[in-house]
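Encoded as structure tokens, the structure appears first; notes follow it.
The values are calculated or read from the model by the stated rules, or taken from the named source; none is laboratory data. Quantities reported herein were computed from a predicted structural model and do not represent experimental measurements. Reconstructed Cβ throughout: ideal geometry from the backbone, glycine too, with neighbour counts over all protein chains shown.
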Amino acid sequence: METVTSTQEIKLILAEKAAELGFEAFGVAPIDAHLRQEYFEKWISEGKQGDMAWMDNPRRLDPKKILPEAKSMLCLGVNYRQEPPERRYRIAQYALGGDYHKVVLKKLKQLCTLMQEYGGAQKPYVDTGPVLEKPIAAQAGLGWQGKSTLVIHPKYGPWLFLGIILTTLELPPDLPHKDYCGKCTACVDACPTKAITGPYQLDARRCLSYLTIEHKGAIPEEYREALGDRVYGCDECLDVCPWNKWAQMTQEVKFQARDYPDLKEMLAWSESDFNQHFQGTPIKRLKLSRWLRNTCVVLGNIGTEKDLEPLIALSQRDDPLVVEHACWAIDKIKSRLAKNCSQ
Ligand code: SF4
Ligand code: SF4
């Protein structure tokens, strides 16, 4: 006799498979879940997405426009926290190793294959599709969208890569997660550029993560000092969250931090040197010009006399963006040296 698997059983089987694939978090939201529509629309209308034009896509608010027969949204999380290497510059933890898009998408696709066996049609996304991962994660019960606007998982803190699968399977939804930020404002207080303009409000145009990664032009001077030693991204609002208390280090070997040379050496890189060093990492998409732009700002903040010569050589390049930032760094280092001499 043919046995019929209930949707609850299918969900359990999928959760088990997800754990087997290395997902630490799993949840289901209904396709019509509340996605903080008002916040998103206001955010876009105020231009707080900056250069990220792709964010302004109404399909984000209506996943049925992507997959018309969709009934549920699966949300999956992979822990990426790790001990950052000791270097004189910082790279955000999510970008220390291999590209999470590839790693997480591969796992999602394996889950989709299993879902197909139960008659579902699926669309998986990792950060690049027109879906609002964070509100979906909160609605699927993975965690809550904290005052930093990041999803806080009660066990893994804010260190989860999120993957979404839209599916035509109607799976029993989880309850949205309760907000446990309480009176804490650590992330709001710690943000070096006041990009978290208030609880649950983020102005991406001020965010160092946006400015060092998504933003294409010059880094506005008003934020350069606040950038400190962060050459790619910023983890400040993640690091200070008290929900890190139970956070563990990632089990995914592909996320392990890679070795890179010192910034001084990078100043002489060609495009092919850059590509070679960052092959298979999220940093590769930045391209050499913006990497050097960021490097110059960091050296302007922390560089020493030894960095001057390669910076001067860099300032001769045929790239106005790099030249302007190299000159800024040279001025900063020189004025620091002059100040030290006069003390
Ligand atoms: S990533 Fe850094 S700059 Fe951006 S909101 Fe968080 S603390 Fe502020
Ligand atoms: S730092 Fe505090 S306020 Fe910010 S997300 Fe974490 S718990 Fe919430």
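Given the criterion buried (at least 18 other Cβ atoms within 10 Å of the Cβ) and touching a residue at least 40 places away in the same chain (Cβ under 8 Å), identify the matching residue among LEU67, LEU61, LEU35.
On the way: LEU67 fails: buried (at least 18 other Cβ atoms within 10 Å of the Cβ); LEU61 fails: buried (at least 18 other Cβ atoms within 10 Å of the Cβ).
Among LEU67, LEU61, LEU35, only LEU35 is buried (at least 18 other Cβ atoms within 10 Å of the Cβ) and touching a residue at least 40 places away in the same chain (Cβ under 8 Å).
Residues are listed down the side, and each one gets a yes or a no for (1) under 30 Å from THR185 (Cβ atoms); (2) more than 18 Å from the chain's Cα centre (by Cα); (3) at pLDDT 95 or above:
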position: TYR232; (1), (2), (3): yes, no, yes
position: VAL240; (1), (2), (3): yes, no, yes
position: LYS245; (1), (2), (3): yes, yes, no
position: TYR260; (1), (2), (3): no, yes, yes
position: TRP291; (1), (2), (3): no, no, yes
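Filter the range 189-203 down to the residues that are more than 8 Å from ligand 1 (Cβ to nearest atom) and surrounded by 15 or more Cβ atoms within 10 Å (Cβ to Cβ), then identify the one that is nearest to ARG224 (Cα to Cα).
Checked the range 189-203; the qualifying residue nearest to ARG224 (Cα to Cα) is ASP203.
Across the range 134-146, what is the number of residues that are within 16 Å of ligand 1 (Cβ to nearest atom) and free of Cβ contacts under 8 Å to residues at least 60 places away in the same chain? Reasoning before the result, please.
Just the residues of the range 134-146 that are within 16 Å of ligand 1 (Cβ to nearest atom), to begin with: 134, 145-146.
Adding the requirement that they be free of Cβ contacts under 8 Å to residues at least 60 places away in the same chain leaves 134.
Counting residues in the range 134-146 that are within 16 Å of ligand 1 (Cβ to nearest atom) and free of Cβ contacts under 8 Å to residues at least 60 places away in the same chain gives 1.
Between ALA138, ALA190, ALA121, which is farther than 22 Å from PRO30 by Cα and either within 16 Å of ligand 2 (Cβ to nearest atom) or in the same structural domain as LEU61 (by TED's automatic domain parsing) (or both)?
On the way: ALA138 fails: farther than 22 Å from PRO30 by Cα; ALA121 fails: farther than 22 Å from PRO30 by Cα.
So the residue among ALA138, ALA190, ALA121 that is farther than 22 Å from PRO30 by Cα and either within 16 Å of ligand 2 (Cβ to nearest atom) or in the same structural domain as LEU61 (by TED's automatic domain parsing) (or both) is ALA190.
Restricting attention to the range 175-188, which residues are in contact with a strand residue (DSSP E or B) (Cβ under 9 Å, 6 or more places away or on another chain) and part of a helix (DSSP H, G or I)?
Scanning the range 175-188 gives CYS187, VAL188.
Looking only at residues in the range 1-59 that are of a type in the set (Phe, Trp, Tyr) and in contact with a Lys or Arg (Cβ under 8 Å, 6 or more places away or on another chain), which one is modelled with the lowest pLDDT? Don't jump to the end; show me each part of the working.
First, pick out the residues of the range 1-59 that are of a type in the set (Phe, Trp, Tyr): 23, 26, 39-40, 43, 54.
Then keep just the ones that are in contact with a Lys or Arg (Cβ under 8 Å, 6 or more places away or on another chain); that gives 23, 40.
Working: PHE23: 97, PHE40: 76.
Per the stated criteria, the residue is PHE40.
Quick test for you: out of THR128, THR149, THR113, pick the one residue that is hydroxyl-bearing (Ser, Thr, Tyr) and free of Cβ contacts under 8 Å to residues at least 12 places away in the same chain. Steps first, please.
On the way: THR128 fails: free of Cβ contacts under 8 Å to residues at least 12 places away in the same chain; THR149 fails: free of Cβ contacts under 8 Å to residues at least 12 places away in the same chain.
Matching residue, one of THR128, THR149, THR113: THR113.
Considering only residues of the range 195-226 that are of a type in the set (A, V, I, L, M, F, W, C) and assigned to a loop (DSSP other than H, G, I, E, B), which is farthest from ligand 2 (Cβ to nearest atom)?
Residues of the range 195-226 of a type in the set (A, V, I, L, M, F, W, C): 195-196, 202, 204, 207-208, 211, 213, 218-219, 226.
Narrowing the set further to residues that are assigned to a loop (DSSP other than H, G, I, E, B) leaves 195, 207, 218-219.
On the way: ALA195: 13, CYS207: 14, ALA218: 30, ILE219: 25 Å.
Ranking the qualifying residues of the range 195-226, first place goes to ALA218.
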